[in-house]
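The block underneath contains the structure these notes are about, expressed in structure tokens.
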């Protein structure tokens, strides 16, 4: 098996049709909507490939949240208007790559990319809406903190002093 490539922006030549992460909702989004969202710039999709096959992907978009829903450690340090965030809109790892740490690597790449974006746009966190309890545990293990009163939503603070 070849090496995994670095995360790069989705290109028209990336084969979305054969991607299978075991979750049909995510598969369908990647297959049917990722390119349109990416080219319309409603999200930006990043892919990692092995042997010219998409091994995993994630999508980033802009978001905002009321300060009262942010993790308590973030609330006191921020103004009262809606707080700009970056949304980890989708994440998928091919079933052939599952259990090898690619999901964590993709999230790390998303965090690092979000840190760079936050320097330019003022976003203070990376937010994700976990679709299951196991997904929530996965994100919490990576340093995300639960939002207040929004079940399944977690935030990774990008910078606080």
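The values are calculated or read from the model by the stated rules, or taken from the named source; none is laboratory data. Keep in mind that what you see is a predicted model, and the values were worked out from it rather than measured. Cβ sites come from the backbone with ideal geometry, for glycine too, and all protein chains shown count toward neighbours.
Taking the listed residues 110, 98, 123, 89, the one that is closer than 19 Å to residue 45 by Cβ and modelled with pLDDT under 95 is 123, with no other qualifying. For the subset of region 112-161 comprising residues that are in contact with a helix residue (DSSP H, G or I) (Cβ under 9 Å, 6 or more places away or on another chain) and in a helix (DSSP H, G or I), which member is surrounded by the fewest Cβ atoms within 10 Å (Cβ to Cβ)? The qualifying residue surrounded by the fewest Cβ atoms within 10 Å (Cβ to Cβ) is 141. Could you give me the residue pairs with C-beta distances under 8 Å whose first residue belongs to region 28-55 and is at negative phi and free of Cβ contacts under 8 Å to residues at least 40 places away in the same chain, whose second residue is surrounded by fewer than 17 Cβ atoms within 10 Å (Cβ to Cβ) and part of a loop (DSSP other than H, G, I, E, B) wherever it lies, and which are 6+ apart or on separate chains? What qualifies is 31/17; 35/12.
What's the number of the only condition in (1) over 27 Å from residue 54 (Cβ atoms); (2) touching a strand residue (DSSP E or B) at 6+ places or on another chain (Cβ under 8 Å); (3) in a loop (DSSP other than H, G, I, E, B) that residue 84 fails to meet? Against the list (1) over 27 Å from residue 54 (Cβ atoms); (2) touching a strand residue (DSSP E or B) at 6+ places or on another chain (Cβ under 8 Å); (3) in a loop (DSSP other than H, G, I, E, B), residue 84 comes up short only on (3).
Is it fair to say residue 108 is assigned to a helix (DSSP H, G or I), more than 19 Å from residue 23 (Cβ to Cβ) and in contact with a helix residue (DSSP H, G or I) (Cβ under 8 Å, 6 or more places away or on another chain)? The answer is no for residue 108. Against the conditions (1) farther than 15 Å from residue 88 by Cα; (2) buried (at least 16 other Cβ atoms within 10 Å of the Cβ); (3) touching a helix residue (DSSP H, G or I) at 6+ places or on another chain (Cβ under 6 Å), residue 43 satisfies every one except (1).
Being at pLDDT 95 or above, closer than 13 Å to residue 91 by Cα, in contact with a helix residue (DSSP H, G or I) (Cβ under 7 Å, 6 or more places away or on another chain) and crowded, with 19+ Cβ neighbours inside 10 Å is a property that residue 48 has.
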